[in-house]
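Quick note: the coordinates plus some simple rules give every number you see, no bench work behind them. Every value quoted in this text rests on a predicted model; they were computed, and no experiment measured them. Positions of Cβ are generated from backbone atoms using ideal geometry, with glycine treated the same way; all protein chains shown enter the neighbour counts.
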Amino acid sequence: MVRRYMDSLIRNFSIIAHIDHGKSTLADRLLELTETVPKRQMREQVLDQMELERERGITIKAKAVRMRYRYQNRTYLLNLIDTPGHVDFSYEVSRALRACEGVLLVVDASQGVEAQTLSNAHLAQEAGLAILPVLNKMDLPQADLEGTQKQLEEVLGIHAKPLALSAKDGRGVPELLEAILQRIPPPKQSSQAELAALVFDSFYDPYRGVVLLVRVFSGSLRTGMAIRFFSSGFKAFAQELGYLELKFTPAESLQAGEVGYVIAGTKDMHQIRVGDTLMDVHCPLRTPLPGYQELKPFVFAGFYPVNPGDYENLRSAFQKLHLSDASFVYQTESSRALGFGFRVGFLGLLHMEITKERLEREFHLSLIATSPNVSYRVKSRTPRLRADPHASPSGWTQVDNPAEFPPHGEIEEVQEPYVRALIVLAQSHLGAVLQLLKDHRGKHHSMRYLSPQRILLEYELPLAEMILDFYDRLKSVSKGYASLDYEPIGYQPGDLTRLEILIHEEPVDALSFILPREKAYLRARELVEKLKELIPRQYFEVPIQGKIAGRVIARETIPALRKDVLAKCYGGDVTRKRKLLEKQKEGRKRMKQVGKVELPQEAFLAILKLHT
């Protein structure tokens with residue numbers, strides 16, 4: 001029988017930090033100290049069960065686990081949610097915080113406050129959570145505890161006394177557990193009797209169907225109960241529920257303040273929305289719990305199966321993966337070059353890369369991903385585009401596929417998405433980073449010193465510049481020490497155009513790009529020269545052209561592959577040779593008119609690799 005705990009003995013908290021500041025290692029020590037995981041089964045990153053997470057050493061999915069801790073003759077219940085640290089997975093963090101009363105803000109004492117530290121701390125402050133600052137890696141000789149504490153006070157306004165510890169060797173972790181009990185409040189008692197539970201995560205089990213991870217805020221959730229989702233109105237039965245203790249522990253009910261799982265016996269994945277509110281069918285709520293929001297992806301790309309016969313398998317894979325990762329969106333599309341596929345929206349480039357790898361590994365698919373791009377707003381001067389079903393009443397249309405970008409003559413104005421970027425760097429790299437921001441059309445907003453050696457830059461940048469090579473180049477010019485965080489700030493006008501690539505006078509829709517007019521010529525020259533190297537020669541000349549606004553700005557020609565028609569002539573009159581050559585010439589002329597050039601898949605992959 002599962003023991004029930006009073007609200008005063010329950011603590012729901014999350015761990016937030018910048019990437020590589022020691023979240024997962026600290027979670028390992030907490031699990032070890034509370035004896036949630038036996039010592040013989042202990043391993044590094046025990047909560048990171050995904051193969052990709054262990055390979056890369058990063059947390060991709062938020063994880064929840066229930067721990068028990070005996071303190072002053074009382075047994076406390078600790079519900080921990082370990083969150084990702086990369087900026088692309090900030091939605092995972094925001095969902096996890098909605099299920100908690102407090103957070104552990106982990107800061108690497110050898111590096112200080114980083115960009116994602118600022119972002120995550122602001123999320124916790126906006127949610128009104130208790131923040132317990134933790135200074136990790138105190139065992140390193142370069143750890144600066146006083147300097148890091150000063151940064152927390154001056155930059156984030158956090159004046160609570162931080163706890164210094166080493167998650168690697170366990171020093172200070174017992175004191176942290178005591179501080180969690182003393183400084184993070186228990187769940188608030190609700191006077192509401194009706195069931196209200198927040199769905200903060202979900203995943204798909206091939207045998208059980210959809211598994212929901214929930215936090216109950218009021219009422220109780222019981223086995224066999226008829227439940228309904230507030231946003232979708234979808235109804236189901238709670239066939240099984242229980243607690244998350246690395247393995248599922250079934251229980252008869254979940255009470256207010258508790259965190260657990262629910263198996264609703266459904267495989268209808270379209271009805272499940274992470275962040276939604278669960279309620280009793282017979283006692284519906286008037287308003288949902290806060291936390292649910294429709295996601296707005298920033299980066300778009302086309303995903304196509306290498307084998308066209310895998311299209312339905314790819315559709316099924318997207319449906320299943322969407323349950324465990326609600327932060328991407330997808331819809332069907334087709335390309336003359338690649339066939340049938342999906343247009344997918346992501347939160348960032350790493351999110352796109354992780355999603356592609358998960359699809360290939362978990363569902364055994366081979367995929368082609370087109371060059372990533374962002375969503376633009378286009379205002380047309382012609383009635384045709386204004387009648388578009390995606391257009392707003394003011395005449396603006398969202399365009400996230402370069403192949404759907406309207407002709408130059410129909411466009412009145414184009415706007416592109418901008419982000420506010422926070423960059424933390426060493427003073428010695430300031431000049432190189434400022435030049436990088438200038439090259440990527442950055443607009444200066446502010447600059448402040450976190451310490452005599454560390455600077456916080458705030459810039460406005462076009463999102464399209466961020467998704468290509470900005471992050472890699474930032475790490476390069478700063479020797480790996482700069483950190484980056486960004487948030488969308490809306491749309492701004494831009495001098496943009498669509499670059500089309502024509503092969504044998506036929507446009508290749510998958511090789512269309514939207515880019516600043518000033519960069520169009522260099523990009524076009526680079527593309528046509530690369531394609532000339534990759535496309536095999538034909539029996540006729542093949543022109544490769546780069547075109548913007550109806551004007552060709554770059555061209556390369558693949559010369560014809562000549563067949564020796566005179567090989568069978570061992571002599572005779574010259575007129576016979578001329579006749580054969582004229583016949584070949586006419587044949588090439590006809591072939592040039594009706595011939596088609598297929599872009600090899602190797603060439604297409606090489607071009608995409610060049611521009612992603």
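Sparse packing (at most 16 other Cβ atoms within 10 Å of the Cβ) combined with a DSSP loop state is found for the following GluC sites (Glu not before Pro) in the range 474-539: Glu505. For Ile489 and Leu561, the FRET efficiency from 1/(1 + (r/R0)^6), where r spans their Cβ atoms and R0 equals 45 Å, is about 0.25. From the square roots a ≥ b ≥ c of the eigenvalues of the alpha-carbon gyration tensor of the range 432-571, which class results: rounded (a/c under 1.5), prolate (a/b over b/c), or oblate? Taking the square roots of the gyration eigenvalues as a ≥ b ≥ c, the range 432-571 is prolate.
A Förster radius of 60 Å combined with the Cβ-Cβ distance from Arg68 to Glu518 puts the calculated FRET efficiency at roughly 0.45. Restrict the search to the range 92-190; then list the trypsin sites (Lys or Arg not before Pro) that DSSP places in a loop and that have at most 14 other Cβ atoms within 10 Å of their Cβ. In loop regions of the range 92-190 (DSSP not H, G, I, E or B), the sparsely surrounded trypsin sites (Lys or Arg not before Pro) are Arg171, Lys188.
With a simple spin-label model that places each label point 7 Å from the Cα along the Cα-to-Cβ direction, the separation between Gln182 and Lys583 comes to 10.0 nm.
Give the relative contact order (percent, whole number) for the range 96-223; include only Cα pairs under 8 Å separated by 6+ residues. The value is 22 percent. Multiplying the residue separation of Tyr449 and Asn313 by 0.36 nm and subtracting their alpha-carbon distance yields 43.8 nm. Computed from label points 7 Å out along Cα-Cβ, the spacing between Tyr481 and Lys247 is 4.8 nm.
Computed over all pairs of different Cα atoms, the Kirkwood value for the hydrodynamic radius of the range 410-486 is 12.9 Å. For the range 228-272, the residues whose backbone nitrogen is under 14 Å from a point 7 Å from the Cα of Cys283, taken along Cα to Cβ, are 228, 254-257. With a Förster radius of 25 Å applied to the beta-carbon distance between Gln331 and Val306, the computed FRET efficiency rounds to 0.75. For the cross-link pairs Lys161/Lys443; Lys438/Lys479; Lys296/Lys519; Lys63/Lys320; Lys161/Lys479, the ones whose C-alpha atoms lie over 26 Å apart are Lys161/Lys443; Lys296/Lys519; Lys161/Lys479. Model label points for His122 and Gln192, set 7 angstrom from Cα along the Cα-to-Cβ axis, are 2.9 nm apart.
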